[in-house]
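Written below as structure tokens is the structure these notes are about.
The values are calculated or read from the model by the stated rules, or taken from the named source; none is laboratory data. Small disclaimer: the values here were computed from a predicted structure and weren't measured. Here the Cβ positions follow ideal geometry from the backbone for every residue, glycine too, while neighbour counts run over all protein chains shown. Note: areas computed on protein heavy atoms with side chains; ligands, DNA, RNA excluded. Shrake-Rupley method; radii C 1.70, N 1.55, O 1.52, S 1.80 Å.
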Amino acid sequence: NAKPLKDGTFPVGKAVRGVKVKILDENLAEVPAGQIGEICISGEGVARGYLGNPPEQSNFVTLADGTRLYRSGDMGYELASGDVVFLHRRDSQVMILGRRVEPDEVESVLNQCPEVERGVVRSFPDDSGLQYLVAYFVPKHKFSLHGLREWLRARLADFMVPEFFVALKRIPVTVRGKVDTSALPVVMKEGRL
């Protein structure tokens, strides 16, 4: 098990022989050491792709020079030592205490709670870039924050239970009926700087 750095991020080490790990931006250009980008892998161990052409096939890219590259979907940066540090996923998965969490999965469990009429779970980065979860919910008549937390703890791993809870009269939605994330209040958390 890797130990977290002082800022709470996790170093994952260096590439093994025959493999190159680079931190790239959205245009697949290498970023300077210390800057955040996507962790991409090339070299002998990179396959041509997945069998059956699933949607994840797009993670395999052939560069102009013929190099096969695997886009991991993991965001991170490189230390001066050459070690790579993992921060979080590029997609909706986030890392909480070094473990992958899917906010939609937590949201699904929140919406099964008898005390919740409707709930939404979103992740936000603190000022150190580490993710935390916020549960927004419309409570039913009877409501206890302690009871809600305990209900979630009985069904989720501790690291998946949202750190913050915001009770609302209604969940804001767009004209198309989707959750309007920009209208949700942001609960700010100070990072470990």
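Which of the residues spanning the range 119-143 are open to solvent by 40 Å² or more (accessible area, probe 1.4 Å) and out of contact with any helix residue (DSSP H, G or I) (no Cβ under 9 Å at 6 or more places or on another chain)? Hits for the range 119-143 are Pro125, Asp127, Lys140, His141, Lys142, Phe143. Taking residues in the range 120-149 that are assigned to a loop (DSSP other than H, G, I, E, B), and partners anywhere that are of a type in the set (Phe, Trp, Tyr), the pairs with Cβ atoms closer than 8 Å and at least 6 places apart or on different chains are Asp126/Tyr132. When Val94 is tested against (1) over 23 Å from Ser123 (Cα atoms); (2) modelled with pLDDT under 85; (3) among the aliphatic types (A, V, I, L, M); (4) open to solvent by less than 50 Å² (accessible area, probe 1.4 Å), exactly one condition is not met: (1). For the range 22-59, filtered to residues that are open to solvent by 40 Å² or more (accessible area, probe 1.4 Å) and either acidic (Asp, Glu) or in contact with a Cys (Cβ under 7 Å, 6 or more places away or on another chain) (or both), the residue that is modelled with the lowest pLDDT is Glu56. In this structure, Val161 does not satisfy being among the aliphatic types (A, V, I, L, M), out of contact with any Lys or Arg (no Cβ under 8 Å at 6 or more places or on another chain) and over 30 Å from Val19 (Cβ atoms).
Of all residues in the range 156-184, those satisfying the criterion of being part of a loop (DSSP other than H, G, I, E, B), open to solvent by less than 60 Å² (accessible area, probe 1.4 Å) and at pLDDT 90 or above are Leu156, Ala157, Val161, Pro162, Leu168, Ile171, Pro172, Leu184.
Report the residue count in the range 121-139 for those that are farther than 30 Å from Val85 by Cβ and β-branched (Val, Ile, Thr).
Here the count works out to 1.
Please verify whether the range 76-91 includes one or more residues that are of a type in the set (Val, Ile, Thr), closer than 30 Å to Arg170 by Cα and modelled with pLDDT under 85. No - not one qualifying residue is present in the range 76-91.
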